[in-house]
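What follows is one structure encoded as structure tokens, with my remarks underneath.
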Amino acid sequence: MKTITIGTDPYKEKDIKKLVYHSDDIPQVQLFNSSDVISGNPGSNIAIGFVYTWKSDAPPVNVHNLMQRLSNYAALTGLWRTTNGGRYVFSNIVANPNINKLVLLVFGQKDNGHLLVNACENFWRYGTDGNGIIKNCAAANPKFEQVPKEALERVRKQADLLIVRNITDGDDIEPVIKALIQEPENGVPVSSFKDLDISFYSNVLKSDLLYDDGARFDSPLLNDLSAGAKNVSFKSSALSSVHGQSVQASNLSDAVEKIASFVFEHGSASVDMRNLKMKECRSISVTIMDPLETIPESFSEEYIKQYVAEFMDGVNKDSEFAYTYHERIFKRWGNQVEKVIDILKQNPNTRRACISLWDPFLDLGSPTPPCLDFIWLCVRDRKLELHALYRSHHLATVTSEGKLMLGEGAFVPNMYALGTLQKFIADRLDRDRGPLILTDFSGHIHIADI
């Protein structure tokens with residue numbers, strides 16, 4: 001790798017530099033799912049993110065075709081769904097100083113259900129606080145997990161953010177991308193694209209002129225996403241005969257390590273409908289003696305609290321998701337929680353305290369059915385147990401070597417939210433909490449291309 005000067009920027013009054021890579025030092029791309037990303041020319045100054053706004057498992061044909069076409073201009077082009085994906089996007093950007101523009105393309109609306117665009121926009125405008133929380137952010141998870149402060153500060157300086165909203169067919173996007181790779185003398189003002197809903201944010205450039213001002217840093221910043229992964233191993237232990245043969249754990253931190261390592265060792269390998277590599281155990285159960293004792297490492301307390309608030313109180317009134325667990329538990333068929341509390345008060349030994357989330361009229365054949373489908377509550381030995389059934393559950397993400405990627409998967413926030421619901425009902429019944437027992441028809445882990 002060497003640095004060369006390719007011109008002069010009259011606006012910044014500096015040389016325009018590029019890093020030239022040899023075959024053996026091209027930046028190694030770290031991906032969650034290789035089928036979601038196209039790696040292009042490492043000498044390009046552009047990374048393009050297609051914000052995931054469609055409800056199907058794969059983008060429409062016209063979006064897929066546009067993604068392939070635009071990838072010819074970019075160093076990286078990929079699909080982006082949540083702030084959690086920021087660890088991959090930002091790590092790959094700072095690993096290649098040539099990238100000085102991040103483009104977000106939003107189809108059919110201004111943002112997706114996760115408010116990813118809101119998170120990125122406020123991140124570029126205001127940055128983060130001391131805890132890594134994005135200032136003025138409305139997203140459910142207002143944080144780019146597992147991205148260190150140094151990388152967060154670097155990406156705001158290294159790259160400008162350009163957002164194009166309300167895209168229809170995408171035929172008018174290519175001129176914008178072409179403008180971003182021009183020399184300064186051929187730069188194009190953002191205001192030239194009057195027919196597009198476009199926003200531009202830069203913490204370096206003083207104008208909204210679109211052009212390539214070269215590498216702003218002389219060397220890569222390497223954020224190895226596997227560095228914090230843990231070697232975990234499953235060890236069998238004596239299980240309670242009441243709860244069957246399953247993984248049993250004392251708390252949530254213990255549970256996520258045990259279930260991830262168990263599925264990695266014993267699960268069957270396959271590729272799912274989104275072309276994600278995974279390992280899967282079917283009808284597997286996990287018994288957690290106290291799901292509220294700990295929040296596992298690398299899951300921020302702020303995110304867990306916001307997730308629990310949405311689950312229990314439905315605080316995100318503007319959510320564009322096809323469903324929420326709160327709506328199905330507390331509203332769609334009445335307040336099921338209050339009903340089971342009444343049932344358990346009348347007869348603590350009942351086997352009929354059930355909460356259902358599956359709507360057969362809407363969910364059969366739907367591309368977005370709920371993963372959590374059934375909750376059963378019972379009082380045994382004067383303790384309230386909660387049993388939950390998931391048809392499909394992303395438990396965790398591991399590397400191909402079996403190292404657990406910290407802070408990923410739906411298992412931890414889901415179990416903490418269910419534990420909170422269990423505590424709420426137990427308090428109303430004046431009972432202690434017993435174990436939380438999870439059954440997954442498809443308990444699976446994703447295998448990341450790290």
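Computed extension length for Phe441-Ile4: 151.8 nm, one decimal, from 0.36 nm per residue of separation with the Cα-Cα distance subtracted. The angle between the Cα long axis of helix 411-429 and the longest principal axis of the Cα atoms of the chain comes to about 40 degrees, rounded to the nearest 10. Only aspartates and glutamates eight or more places from Lys345 in sequence, or on another chain, were considered; those with a Cα closer than 18 Å are Asp381, Glu385, Asp427, Asp430, Asp432. When only Cα pairs below 8 angstrom with a gap of at least 6 residues are kept, the range 247-448 shows a relative contact order of 31 percent.
GNM on the chain, alpha-carbon springs under 10 angstrom: the most fluctuating residue among Gly334, Gly49, Gly130 is Gly130. Of the beta bridges in the range 247-448, as assigned by DSSP with both residues counted there, near 60 percent are antiparallel. Annotation: aspartates and glutamates with alpha-carbon distance below 18 angstrom to Lys12 (same-chain offsets under eight excluded): Asp160, Glu183, Glu185, Asp208, Asp212, Asp213, Asp218. Distance between the modelled labels on Glu185 and Ser298, one decimal in nanometres: 4.9 nm (7 Å Cα→Cβ projection). Placing pseudo-labels 7 Å out from each Cα toward the beta carbon at Asp129 and Lys230 gives an inter-label distance of 2.7 nm. Shown here is the pair-distance distribution of the range 23-104: with all Cα-Cα distances grouped in 5 Å bins from zero up to the longest one, the shares run 3, 15, 29, 27, 17, 7, 3, 1 percent.
For the chain, the longest principal axis of the C-alpha atoms and the axis of helix 116-126 are separated by about 60°. Helix 61-70 and the long axis of the chain differ in direction by around 40°, with both axes built from C-alpha atoms. Fraction of C-alpha pairs exceeding 30 angstrom in the chain: 48 percent, rounded to a whole number. Straight-line cross-link reach from Lys110 at under 30 Å between alpha-carbon atoms covers these lysines, not counting any fewer than eight positions away in the same chain: Lys55, Lys101, Lys135, Lys143, Lys149, Lys157, Lys178, Lys194, Lys206, Lys305, Lys317, Lys331.
Only the coordinates and a few stated rules stand behind these numbers; no lab work does. Treat the numbers as computed from the prediction; the structure is a model and nothing was measured. All Cβ positions, even for glycine, are placed from backbone atoms using ideal geometry, and neighbour counts span all protein chains on display.
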